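Down below is the structure, laid out as structure tokens.
The values are calculated or read from the model by the stated rules, or taken from the named source; none is laboratory data. Small disclaimer: the values here were computed from a predicted structure and weren't measured. Counting neighbours? That spans all protein chains shown, and the Cβs are built from the backbone with ideal geometry, glycine included. The protein model used for the area step is the full one, side chains on, heavy atoms only, and it has no ligands, DNA or RNA in it. Shrake-Rupley method; radii C 1.70, N 1.55, O 1.52, S 1.80 Å.
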Amino acid sequence: MAYEHIQVDVEPPIATVTLNRPKVLNALSPELIGEVNQALRELDADDRVRAVVLTGGPKVFAAGADISDMAERTAVEQLHRDQTGRWAGIAAFTKPLIAAVNGYALGGGCELVLMCDMIIAGDSARFGQPEINLGIIPGAGGTQRWPRTAGKYAAMETVLTGAPITAARARELGIVNKVVPAEMTIEVAKRVARQLAQKAPLALRMAKEAVLKAFEAPLAEGLAAERKSFYFLFSTDDQKEGMRAFLEKRKAVFKGR
Ligand code: CAA
């Protein structure tokens, strides 16, 4: 499918989704978010693709939801069009999603990053929730995912002050896996995606689901879900292949079956 606000490059076994509205620093219009949702739905169904990189390109990740689209909206309009509810499809992507972040990841841009499974940041990256300066609060998960990942006090500081933090600080807070020179960000994220693409796809899917469950469920429920997925994987060809390959001292070839 042809896209207007994003670019999708499929290089099996990985794909890259690039936000592409450079004139407005990749501001996340409803149309752009709709395209990201659509692309991820297609990539989820594409057996050639086993992991995806989400990036804004070399200069900026995204400066947040499109303010010109929201400025004069009423509450009732926002409720009916459910602006940020549409983002849920992105968080529902079942394959590993790696963010490659250069420059600003602000507001909805930062919230989009926090929906990803691993985060590679260029040393130029800046993360923040500046919504407070617009008289609103984060609306695409920021008040919930920040405390669950960085803890209450870092979350409060970020959400209440609106001040952005550096890539190095984000790394200290544990919301970034790796900080690299900005010109390397996308390549390193692709390298991580290619590594993950070698793993058993069904195990990757169950592993992602199980870790995300830890954010939603009480411990006993999370452990029960983990156990079920663990047992389920013994019904897959890939489990047999993985264990036999280990015993036969060869590299496993996983097929997602
Ligand atoms: N929406 C719409 N347009 C935006 C935008 C946004 N979020 N961010 C930047 N732009 C536009 C600017 O209006 C400007 O357009 P013009 O050239 O037509 O004037 C262009 O992008 C370049 O931006 P700047 O000139 O401001 O660039 P800068 O380098 O001086 O500053 C910046 C960069 C600090 C990121 C600044 O653009 C900024 O503060 N942007 C807004 C950040 C923000 O408040 N984000 C939160 C949005 S609300 C939200 O995301 C809600 C939610 O939870 C879903």
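Of note:
- If you take all other residues with their beta carbon under 15 Å from the beta carbon of Ala91, and give Lys and Arg +1 and Asp and Glu -1, the sum is +2.
- Extension gain for Lys228-Glu183 works out to 12.0 nm (0.36 nm per residue, less the C-alpha to C-alpha distance).
- 16 Å Cα-Cα reach of Lys23 towards lysines, excluding residues that sit fewer than 8 places from it in its own chain: Lys59
- When the chain is described by a simple charge dipole with +1 on each Lys and Arg Cβ and -1 on each Asp and Glu Cβ, the residue from Val113, Ala163, Ile136 located farthest towards its positive end is Val113.
- Normalised by residue number, the volume inside the convex hull of the Cα atoms of segment 154-257 is 150 Å³ per residue.
- Ordered from highest to lowest accessible area with the whole protein assembly present and a 1.4 Å probe, His80, His5 read as His80, His5.
- Think of a 1.4 Å ball rolled over the protein heavy atoms: segment 6-197 then has 45 Å² of accessible area per residue.
- Across segment 127-133, coupling constants 3J(HN,Hα) worked out from phi with the 6.51/-1.76/1.60 Karplus curve, θ = phi - 60°, read 10, x, 10, x, 3, 4, 6 Hz, and Gly and Pro carry x.
- Fraction of accessible area attributable to carbon and sulfur, segment 6-197 (%, probe 1.4 Å): 55
- Segment Asp82..Ala217, full-extension length gain: 46.1 nm, with 0.36 nm per residue of separation and the alpha-carbon distance subtracted.
- Note on Leu247 and Ala71: the model spin-label points, each 7 Å out from Cα along the C-beta direction, lie 6.8 nm apart.
- Estimated inter-spin distance, Ala2 and Thr166, nm [label 7 Å along Cα→Cβ]: 4.5
- Near Glu72: Cβ cut-off under 15 Å, other residues only, Lys/Arg at +1 and Asp/Glu at -1. The net charge is -1.
- The slack in the chain from Ile137 to Arg194, taken as 0.36 nm per residue of separation less the alpha-carbon distance, amounts to 16.9 nm.
- Given +1 at the Cβ of Lys and Arg, -1 at the Cβ of Asp and Glu and no other charges, the dipole of the chain around its Cα centre is 1100 debye to the nearest 20.
- Across the chain, Cα pairs under 8 Å and at least six residues apart give a relative contact order of 17 percent.
- When the inverse distances between all different Cα atoms of segment 201-247 are averaged and flipped, the Kirkwood radius reads 11.3 angstrom.
- For the chain: rounded, prolate or oblate by the Cα gyration tensor [a/c cutoff 1.5]: prolate
- For the chain, calculated [θ]222 nm from helices alone, where every DSSP H run of n ≥ 4 adds -39500 (n - 2.57): -13000 deg cm²/dmol
- For Arg194, the accessible area of its heavy atoms, probed at 1.4 Å with every protein chain present, is near 90 square angstrom.
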